[in-house]
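J.: Structure provided below as structure tokens; questions to follow.
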Amino acid sequence: MPPPRTDVLFLCVANSARSQMAEGFARRFAPPGVGVHSAGSAPGRLHPLAVRAMAEVGIDIAAHVSKPIDAVPAECVATVVTLCADEVCPVFPGAVARRHWPFEDPAADAGDGEDAQLARFRRVRDAIGERVRQAFESGELPSGA
């Protein structure tokens, strides 16, 4: 008999900001036994402002890398959370619980200067962090083995 599925996968398009921040928060809030992953349908590179914004709240994601969906151990995933807002959300195959938490892409408008962009990253970071915390506390996300 295969082990129970307990992992959470956060998906967005580039796996450069939102899903990476969600993974960082989930690693902080997930109970023991819950694996945490992030991936993207068209992975790019980890956004430096995502790293900076997360460091401001004591979470180091500097070693994270953007990954494609097929790099995630699908047989372990219990819940998939998509984080896209205006883009076409990635699709994860298989029988899993699905959640959709739409958050704006903080990297979408790089033309308005670094201060405005960092403010967007902070706003999205805070919203994602609160949503991840609440989801683990309420049981919306897996509680482990």
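The values are calculated or read from the model by the stated rules, or taken from the named source; none is laboratory data. In this text, all values refer to a predicted model and were calculated from it rather than measured experimentally. Neighbour counts run over all protein chains shown; Cβ positions are idealised from the backbone, glycine included. Side chains are part of the model used for accessible areas, which takes the heavy atoms of the whole protein and leaves out ligands, DNA and RNA. Shrake-Rupley method; radii C 1.70, N 1.55, O 1.52, S 1.80 Å.
J.: Calculate the dipole size of the chain relative to its Cα centre from +1 charges on Lys and Arg beta carbons and -1 charges on Asp and Glu beta carbons; express the result in debye to the nearest 20.
T.: Using Cβ point charges on Lys, Arg, Asp and Glu, the chain gives about 340 debye.
J.: Quickly estimate the mean residue ellipticity at 222 nm for the chain, helices only: each DSSP H run with n ≥ 4 gives -39500 (n - 2.57), and the total goes over all residues, rounded to 500.
T.: The helix-only estimate for the chain comes to -10000 deg cm²/dmol at 222 nm.
J.: While we're here: Measure off, as a whole percent, the carbon and sulfur share of the 1.4 Å-probe accessible area of the chain, all protein chains present.
T.: The computed percentage sits at 56.
J.: What are the ³J(HN,Hα) values, in whole Hz, obtained from phi via the Karplus relation 6.51 cos²θ - 1.76 cosθ + 1.60 with θ = phi - 60°, for each residue of the stretch 59-75 in sequence order, with x given for Gly and Pro?
T.: 10, 9, 10, 4, 8, 5, 10, 6, 10, x, 4, 6, 7, 8, x, 4, 5
J.: Oh, and also: Once phi is turned into θ = phi - 60°, what whole-Hz ³J(HN,Hα) does the Karplus curve with 6.51, -1.76 and 1.60 give for every residue of the stretch 82-98, x standing for Gly and Pro?
T.: Going residue by residue, I get 8, 10, 6, 10, 9, 8, 7, 6, x, 10, 10, x, x, 8, 9, 6, 10 Hz, with x marking Gly and Pro.
J.: Could you work out the relative contact order of the chain? I mean the mean sequence separation of Cα pairs under 8 Å and 6+ apart, divided by the number of residues, in percent.
T.: Contact order relative to length: 32 percent.
J.: Order Cys84, Cys89, most accessible first, counting only protein heavy atoms with a 1.4 angstrom probe.
T.: I get Cys89, Cys84, largest accessible area first.
J.: Follow-up. Is the shape of the stretch 1-86 best called rounded, prolate or oblate, per the rule: a/c under 1.5 gives rounded, else a/b larger than b/c gives prolate, else oblate, with a ≥ b ≥ c the square roots of the Cα gyration tensor eigenvalues?
T.: oblate
J.: Where only protein heavy atoms count, and the probe is 1.4 Å, what is the accessible area per residue for the chain in Å²?
T.: 48 Å²
J.: Moving on to the next point. To the nearest 0.05, how large is the calculated FRET efficiency for Val96 and Ala62 if R₀ is 30 Å and r is the Cβ-Cβ distance?
T.: Efficiency, rounded to the nearest 0.05: 0.55.
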